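*Asks:* My questions will all concern the structure given below.
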Amino acid sequence: MKRLLTWLLVVGALLPAAAQQITEQDKERAAALVERMTLDEKLDYIGGFNSFYIRAIPRLGIPQIRMADGPQGVRNDTRSTMFPCGIAAAAAWDRALVRDYGRALGQDCRARGVHILLGPGVNIYRSPLCGRNFEYYGEDPYLAAETAAAYIEGMQAEGVMACVKHFGGNNQEWNRHHVSSDIDERTLHEIYLPAFRKAVTGAKVGAVMSSYNPLNCVHMTENRPLTVGLLREKWGFDGIFMSDWNATYSAVGAANGGLDLEMPRARFMNAENLRPALKNGLVTEATVDEKCRHILQTLIAFGFLDREQTDAKIKERNPFSDQVALEVARGGIVLLKNEGDVLPLKGVRRIAVVGPIAKSRYHLLGSWSSKGDAEDVVSVFAGLEAEYGDKAELLYAQGCNFDGEDASGFGEAVAAASAADVVVLCLGEKRDWSGENASRSSIALPEIQERLARELAKTGKPIVLVLSSGRPLELCRLEPLSAAIVQMWQPGLRGGGPLAGILAGRINPSGRLAMTFPYSTGQIPIYYNHRQSARTHQGKYQDIPSTPLYGFGHGLSYTTFEYGDLKPSAVTFRRGDKVTVEIAVTNTGKMDGAETVHWFVSDPVCTISRPVRELKHFEKQPIRCGETHLFRFEIDPERDLSFTDGDGRRFLETGDYYVIVKDRKVKLTLTE
């Protein structure tokens, strides 16, 4: 067994780290304002008003601050660009693209005078039944952290404050106010907190929002060990800690528990409740002052007290935002299956476009659809019309509704399929089947949609199954019927345009799954980074496969990539050393494409049972036909090889580690 190195790592979760750029001058200015506030003004200031505002104090030059719901479009009394859902952005595996996503959202906010956008959401996907997985960034903490950081950096560069949510452990919607997320320290720090930590210490996020759920039986608005002990004292956060809407459960508990701002209004942290608490010594005025300082110093740091937030130079219908929405939709589409290279569809004369998603605009917007107008959305059918023009005839039949039992449209759908060369079958979820308070008991599509697929399969025509959803779906019965499967998620405003480009072969798909697709609902929970087992031949299902239908990181391309050998700069190294591992990837196919290289680490012998693989780095690069790109991963042992102990501290052990890329792996040995 490896010998445990007894030093505590510098990157450990218990050590302070730099937070957002709030200067000492900002703090001094905020403190001076608080000194001039009356007690009534202070008590009023720590509660929101009019649902999405922080109140103004005109006599002190403190403006009204406007918030808006996100995270994939500016909501609340305004029309705006509707971007693809968060899981689509994560499936693009492209930091620069997600940074532009944040920039575009920031510009949309500035065009409308919005100071704070309530996003990103970074809770970890553990069960596809959860309704809010569509807005999160998948099952891996590193991917979620990197995606969130890029989003925040882009948005805040435009002068808009991001608010990362929901801190923490908010991983189910059902009964979320009451069900406690009971998570041990190791799992909390390894899985559920890294994205929040990166948002605070790396991206300098201005605000953090609480979750609704209790964490280890304490509601987050009262969970001082995490909101103060971890968030502020250990991570160095100086920004605003606000409640989710109506996620406050008591006055004194929240006041002393670290909550700065109760939203949407002060139901508990108000003068009526806090004045007696102040009089009785249950809460001190210094605690109230601190909350006001946290809010004001953050607003000052973002310049909100010194300039108008509305930027009249930015159009509300922003061309940059439209272009980013297009590119994110394109980058996040995942080709799951392509049997016999049925895709791309070239040389076909007739295409049957069938299914409830085929001409839908409204449902492509997805949940949290801001004020996106369905009339602006490009449907799948409209996208194919624009893509093919007079090069192919499109035959349309809806076939069935999203649910119910009405099969009266089956005959028309079968006739269209029979007359066509190929069937593009567009199935999926209604937009409100994902979202807040929108958990499902099954990830299977309604039986009427599966029945339609079975009827079309009887025609013998190849089926290209196009899926729109905010979660993985149960495809074990649909997969055998389909020659190809394309997951387009909830693509937002530009919808069917990028999909049509991929189906026609003008665009080479490059999306990769950010979460596992279970074989069936009964396989839940299933995720790639499970712990190791000494008996790998046991623990299997009897009636279904024990492996998922499509694993984390899966995604196909129209070209082929050949991977070389992993080449480390050293195979033996010491703590404090850096090791660089390289791998050459060559595009050996006939089409330019983009490849994402996933770098995993495995620690097979450890004092704890570690995951079979842990993602530590990724990089996406375009590679032209016949060209080679050299991918590199610089390994910092303390960052990339350490683990979390039962107290949340990071430790590193000497011994053997494996770096894994696809089916390649190389052993590295850490010595004293």
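The values are calculated or read from the model by the stated rules, or taken from the named source; none is laboratory data. Everything numeric in this text was worked out from a predicted model, so none of it was measured. Because the Cβ atoms are built from the backbone with ideal geometry, glycine has one as well, and the counts that use them run over all protein chains shown. Note: areas computed on protein heavy atoms with side chains; ligands, DNA, RNA excluded. Shrake-Rupley method; radii C 1.70, N 1.55, O 1.52, S 1.80 Å.
*Asks:* What accessible area per residue, rounded to a whole number of Å², is obtained for segment 176-285 using a probe radius of 1.4 Å?
*Replies:* Using a 1.4 Å probe on heavy atoms only, each residue of segment 176-285 averages 35 Å².
*Asks:* Mind computing the radius of gyration and Dmax over the alpha-carbon atoms of segment 515-592? Å is fine for both.
*Replies:* 18.5, 49
*Asks:* State, to one decimal in nm², a quarter of the convex hull surface area for the C-alpha atoms of segment 521-560, i.e. the direction-averaged projected area.
*Replies:* Directional mean of the projected Cα hull area for segment 521-560 stands at 4.4 nm².
*Asks:* Right, another one. In a solvent-free Debye calculation with one equal scatterer on each Cα, what is log10 I(q)/I(0) for segment 33-101 at q = 0.22, 0.25, 0.28 Å⁻¹, listed in the order of the q values?
*Replies:* So the normalised log intensities work out to -0.92, -1.07, -1.23.
*Asks:* May I pose another question? Could you work out how far the C-alpha centroid of segment 68-113 sits from that of segment 265-292, in angstrom?
*Replies:* Rounded to whole Å, the Cα centres lie 36 Å apart.
*Asks:* Additional query: What nm distance separates the two modelled labels at residue 271 and residue 315, each placed 7 Å from Cα along Cα→Cβ?
*Replies:* The modelled label-to-label distance comes out at 4.7 nm.
*Asks:* Take the Cβ-Cβ distance between residue 401 and residue 621 as r, set R0 to 35 Å, and report the resulting FRET efficiency rounded to the nearest 0.05.
*Replies:* 0.25
*Asks:* What is the extension gain from residue 634 to residue 178, computed as 0.36 nm multiplied by their sequence separation minus the C-alpha to C-alpha distance, in nm to one decimal?
*Replies:* 159.8 nm
*Asks:* Taking all pairs of distinct Cα atoms, average 1/r, flip it, and tell me the Kirkwood hydrodynamic radius of segment 603-672 in Å to one decimal place.
*Replies:* So the Kirkwood estimate lands at 14.2 Å.
*Asks:* Let me test this: with uniform point scatterers at the alpha carbons of segment 357-498, what is the Debye-based log₁₀ I(q)/I(0) at q = 0.20 1/Å?
*Replies:* -1.31
*Asks:* When only alpha-carbon atoms count, how far does segment 429-525 stretch along each of its three principal axes, as whole angstroms with the largest first?
*Replies:* Here the spans come out as 38, 34, 21 Å, largest first.
*Asks:* Sorted from largest down, what three extents in whole angstroms do the Cα atoms of segment 14-171 have along their principal axes?
*Replies:* Between the extreme Cα coordinates on each principal axis of segment 14-171 lie 49, 43, 29 Å.
*Asks:* Say each of residue 572 and residue 666 gets a label point 7 Å from the Cα, pointing the same way as Cα to Cβ; how far apart are those two points in nm?
*Replies:* 1.7
*Asks:* Using the alpha-carbon atoms, what tilt in degrees (0 to 90, nearest 10) does helix 285-301 show relative to the longest principal axis of the chain?
*Replies:* 50
*Asks:* Based on alpha-carbon centroids, what's the gap between segment 490-525 and segment 614-669 in Å, whole number please?
*Replies:* Cα centroid to Cα centroid, the span is 26 Å.
*Asks:* Quick one: if you take sqrt(5λ) for each eigenvalue of the C-alpha gyration tensor of segment 285-333, what semi-axes come out, biggest first, whole angstrom?
*Replies:* Ellipsoid half-lengths, sorted descending, are 37, 17, 6 Å.
*Asks:* Further, regarding this structure: Once fully extended, how much extra length lies between residue 23 and residue 580, figured as 0.36 nm per residue of separation less the alpha-carbon to alpha-carbon distance?
*Replies:* 196.9 nm
*Asks:* Once the Cα gyration tensor of segment 341-396 is diagonalised, what are the square roots of 5 times its eigenvalues, in whole Å and ordered largest first, as equivalent ellipsoid semi-axes?
*Replies:* 26, 11, 10
*Asks:* Given just the C-alpha atoms of segment 82-230, how large is their convex hull per residue in cubic angstrom?
*Replies:* In segment 82-230, the Cα convex hull volume per residue is 106 Å³.
*Asks:* Equivalent ellipsoid semi-axes for segment 555-672, as square roots of 5 times the alpha carbon gyration tensor eigenvalues: give them largest first, rounded to whole Å.
*Replies:* So the three semi-axes of segment 555-672 are 31, 14, 11 Å.
*Asks:* Once every DSSP H run of n ≥ 4 in the chain is given -39500 (n - 2.57) and the sum is divided by its residues, what mean residue ellipticity at 222 nm do you get, rounded to the nearest 500 deg cm²/dmol?
*Replies:* Value at 222 nm, helices only: -7000 deg cm²/dmol.
*Asks:* Then there's this: What nm value, rounded to one decimal, do you get for the distance between residue 542 and residue 609 when each label is placed 7 Å out toward the C-beta?
*Replies:* 2.2
*Asks:* Kindly state, to the nearest 0.05, the FRET efficiency for residue 530 paired with residue 447, given R0 = 25 Å and r defined as their beta-carbon distance.
*Replies:* It comes out at approximately 0.20.
*Asks:* Percent of Cα-Cα pairs more than 17 Å apart in segment 186-254, please.
*Replies:* 41
*Asks:* Over the alpha carbons of segment 211-306, what is the largest minus smallest coordinate on each principal axis, giving the biggest first in Å?
*Replies:* 36, 31, 24
*Asks:* Here's something else I'd like to know. Between residue 287 and residue 421, how high is the FRET efficiency from 1/(1 + (r/R0)^6) when r is the Cβ-Cβ distance and R₀ = 45 Å? Nearest 0.05.
*Replies:* With R0 = 45 Å, the Cβ-Cβ based efficiency is 0.05.
*Asks:* Normalise the Cα radius of gyration of the chain by 2.2 N^0.38 Å (N = residues in it) and let me know the number.
*Replies:* For the chain, the normalised Cα radius of gyration is 0.99.
*Asks:* Suppose a student asked you for the relative contact order of segment 289-406, using Cα pairs under 8 Å spaced at least 6 residues apart; what percent would you report?
*Replies:* About 26 percent, as a whole number.
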